[in-house]
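Presented below is the structure to which this report refers.
The values are calculated or read from the model by the stated rules, or taken from the named source; none is laboratory data. Since the model is a prediction, treat every value here as computed from it, not as a measurement. So basically every Cβ, Gly included, is an ideal-geometry build from the backbone, and we count neighbours across all protein chains shown. Side chains included, ligands, DNA and RNA excluded: accessible areas come from the protein's heavy atoms. Shrake-Rupley method; radii C 1.70, N 1.55, O 1.52, S 1.80 Å.
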Amino acid sequence: QLQASGRLGAAGGSLRLSCVATSTIFKVATMGWYRRAPDRDRQLVASINKYNVVTYEDAVKGRFTISRDVPENTLYLEMSNLRPDDSAVYYCNTAPTALNGLWGQGTQVTVSS
């Protein structure tokens with residue numbers, strides 16, 4: 001099970017999300033951060049593979065940084081220069097598809113203007 005925690009943010013500010021994975025697949029799988037804004041499909045915004053090669057969705061390039069701490073089975077998403085349209089429920093999971101098609105509850109990120 002993948003669990004994420006987060007905080008509220010302000011426009012122009014920064015926020016860090018963390019996700020602790022309990023599955024050993026974390027050490028070998030490509031991991032990703034997804035988000036779902038109201039009335040929109042869930043989208044993959046950042047991913048990192050076991051070689052630490054990262055990819056980003058265009059809207060977050062240069063603002064978000066994904067990283068992983070393998071010994072701690074923890075995935076991070078550093079978000080900077082936040083914008084109100086970054087407001088969404090954020091999820092961590094394997095990428096580009098969810099592990100066993102399952103999703104956790106995610107964490108609500110709200111960016112105030």
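A few notes on this one:
- If you go through region 57-113 and keep only what is among the small types (Gly, Ala, Ser), in contact with a strand residue (DSSP E or B) (Cβ under 9 Å, 6 or more places away or on another chain), outside any loop (DSSP other than H, G, I, E, B) and open to solvent by 20 Å² or more (accessible area, probe 1.4 Å), you end up with 59, 67, 112.
- Selection within region 87-97 - touching a residue at least 60 places away in the same chain (Cβ under 8 Å) and out of contact with any Ser or Thr (no Cβ under 9 Å at 6 or more places or on another chain): 93
- Residue count for region 31-40, restricted to those that are of a type in the set (A, V, I, L, M, F, W, C) and free of Cβ contacts under 8 Å to residues at least 60 places away in the same chain: 2
- Some residue of region 18-36 being assigned to a loop (DSSP other than H, G, I, E, B), among the aromatic types (Phe, Trp, Tyr) and modelled with pLDDT under 95: no
- Pair list, Cβ under 9 Å, 6 or more apart: region 1-30 residue exposed (fewer than 13 other Cβ atoms within 10 Å of the Cβ), other residue at pLDDT below 75 and not hydroxyl-bearing (Ser, Thr, Tyr): 22/1; 22/2; 22/3
- Note on region 41-56: among residues that are outside any strand (DSSP E or B) and without any contact (Cβ under 8 Å) to a residue 24 or more places away in the chain, the one that is least open to solvent (accessible area, probe 1.4 Å) is 49.
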